[in-house]
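*Asks:* Below are the structure tokens for one structure; questions will follow.
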Amino acid sequence: MADPPIVASPDQRGQAMRIAIIGIGRVGRALAQGLGGKGHAVTLGTRDTASEETKAFAATVGATVASPVDAAAGAEVIILALPWEAAEGAIRALGGLSGKVVIDCMNPLGMVDGALGLTLGHTTSGGEIVAGWLPQARVVKTLNQVGAAIMARNAHLTHRPVQFVAGDDSGAKAVAMGLLADLGFEALDAGGIAKARILEPFAMVWINQALARGKGPDWAFAAVTGA
């Protein structure tokens, strides 16, 4: 029998956590902005810890800067915000991350038949592969279904944006849902980590609308319930 879904209150907020964001591109920086001022101790994991530009950005969001290994070692929650092609080496270099909550917000994107698309699916997913690389960690798939701009700020949207959450550890999913609430999202439980197989193609719907159909980056999916 499947575990009952975890239900998060729309107003639920996560407890203060030590969070490492691995990868400081657009998504990593947007998440640092969105989590800034929410009571968390955020560390940006980067190989170039001496970068003055990175340190200046970190100061604007109340974060610190450390190497990826040190950032992950000191964190309770690790958010993976890496390009998929660089993910395996970077993740394996972090160590086993035993018992830590790992949020995978990556999509396995690449050029497929001359266009941007998913490089795998149906029988596995990026989320499941990450869980295989980190068998002792508590991997959760979420924050892959929207663009970076909405992760940084979304209070202006007409409806609260939604993020679906997949993972095999109910406690880790609850932690992720609390952080999603801090970021302004409604969190909905999608089931086990294998449900990343549907969340990653769902992300392609957002990408298609934003990049190919002219909708742009300033929108998100919402779950609208009737009275």
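*Asks:* When you go through 16, 2 one by one, which is the residue that is modelled with pLDDT under 95, assigned to a loop (DSSP other than H, G, I, E, B), open to solvent by less than 80 Å² (accessible area, probe 1.4 Å) and at negative phi? Full working, then the answer.
*Replies:* Working: 2 fails: open to solvent by less than 80 Å² (accessible area, probe 1.4 Å).
Being modelled with pLDDT under 95, assigned to a loop (DSSP other than H, G, I, E, B), open to solvent by less than 80 Å² (accessible area, probe 1.4 Å) and at negative phi holds for just one of 16, 2, which is 16.
*Asks:* Please tell me if residue 114 is open to solvent by 20 Å² or more (accessible area, probe 1.4 Å), on the phi > 0 side of the Ramachandran plot and modelled with pLDDT of 95 or more.
*Replies:* On the way: open to solvent by 20 Å² or more (accessible area, probe 1.4 Å): yes; on the phi > 0 side of the Ramachandran plot: yes; modelled with pLDDT of 95 or more: no.
Answer is no for this residue.
*Asks:* Also: Please go through (1) touching a helix residue (DSSP H, G or I) at 6+ places or on another chain (Cβ under 6 Å); (2) closer than 18 Å to residue 182 by Cβ for residue 65 and return the number of the only condition it doesn't satisfy.
*Replies:* Residue 65 satisfies every listed condition except (2).
*Asks:* Looking at this structure, is residue 165 buried (at least 24 other Cβ atoms within 10 Å of the Cβ) and in contact with a Gly (Cβ under 8 Å, 6 or more places away or on another chain)?
*Replies:* no
*Asks:* May I pose another question? Scan 49, 43, 60 and give me the residue that is in contact with a strand residue (DSSP E or B) (Cβ under 6 Å, 6 or more places away or on another chain), surrounded by fewer than 22 Cβ atoms within 10 Å (Cβ to Cβ) and at pLDDT 95 or above. I'd like the intermediate steps shown before the answer.
*Replies:* On the way: 43 fails: surrounded by fewer than 22 Cβ atoms within 10 Å (Cβ to Cβ); 60 fails: in contact with a strand residue (DSSP E or B) (Cβ under 6 Å, 6 or more places away or on another chain).
Result: 49 is the single residue among 49, 43, 60 that is in contact with a strand residue (DSSP E or B) (Cβ under 6 Å, 6 or more places away or on another chain), surrounded by fewer than 22 Cβ atoms within 10 Å (Cβ to Cβ) and at pLDDT 95 or above.
*Asks:* For region 118-146, what are the residues that are open to solvent by less than 10 Å² (accessible area, probe 1.4 Å) and either under 23 Å from residue 221 (Cα atoms) or acidic (Asp, Glu) (or both)? Give the steps one after another, and end with the answer.
*Replies:* First pass over region 118-146, keeping only residues open to solvent by less than 10 Å² (accessible area, probe 1.4 Å): 125-127, 130, 134, 140-145.
Scanning region 118-146 gives 125, 126, 127, 140, 141, 142, 143, 144, 145.
*Asks:* Of everything in region 66-86, what is under 14 Å from residue 28 (Cβ atoms) and either crowded, with 21+ Cβ neighbours inside 10 Å or of a type in the set (S, T, N, Q) (or both)? Give them in sequence order.
*Replies:* Answer for region 66-86, where residues must be under 14 Å from residue 28 (Cβ atoms) and either crowded, with 21+ Cβ neighbours inside 10 Å or of a type in the set (S, T, N, Q) (or both): 68, 71, 72, 75, 77, 78, 79, 80, 81, 82.
*Asks:* Moving on to the next point. Restricting to region 175-205, what's the tally of residues that are within 15 Å of residue 141 (Cβ to Cβ), open to solvent by less than 50 Å² (accessible area, probe 1.4 Å) and over 13 Å from the mean Cα position of the chain (by Cα)?
*Replies:* Filtering region 175-205 down to residues within 15 Å of residue 141 (Cβ to Cβ) leaves 175-177, 179-180, 185, 187-204.
If we keep only those that are open to solvent by less than 50 Å² (accessible area, probe 1.4 Å) too, we end up with 175-177, 179-180, 185, 187, 189-194, 196, 199-200, 203-204.
If we keep only those that are over 13 Å from the mean Cα position of the chain (by Cα) as well, we get 189-194, 204.
The total comes to 7.
*Asks:* Looking only at region 193-227, count how many residues are more than 17 Å from residue 107 (Cα to Cα) and not hydrophobic (A, V, I, L, M, F, W, C).
*Replies:* Of the residues in region 193-227, 7 are more than 17 Å from residue 107 (Cα to Cα) and not hydrophobic (A, V, I, L, M, F, W, C).
The values are calculated or read from the model by the stated rules, or taken from the named source; none is laboratory data. Quick caveat, the model's predicted, so the values are computed rather than measured. Counting neighbours? That spans all protein chains shown, and the Cβs are built from the backbone with ideal geometry, glycine included. Side chains included, ligands, DNA and RNA excluded: accessible areas come from the protein's heavy atoms. Shrake-Rupley method; radii C 1.70, N 1.55, O 1.52, S 1.80 Å.
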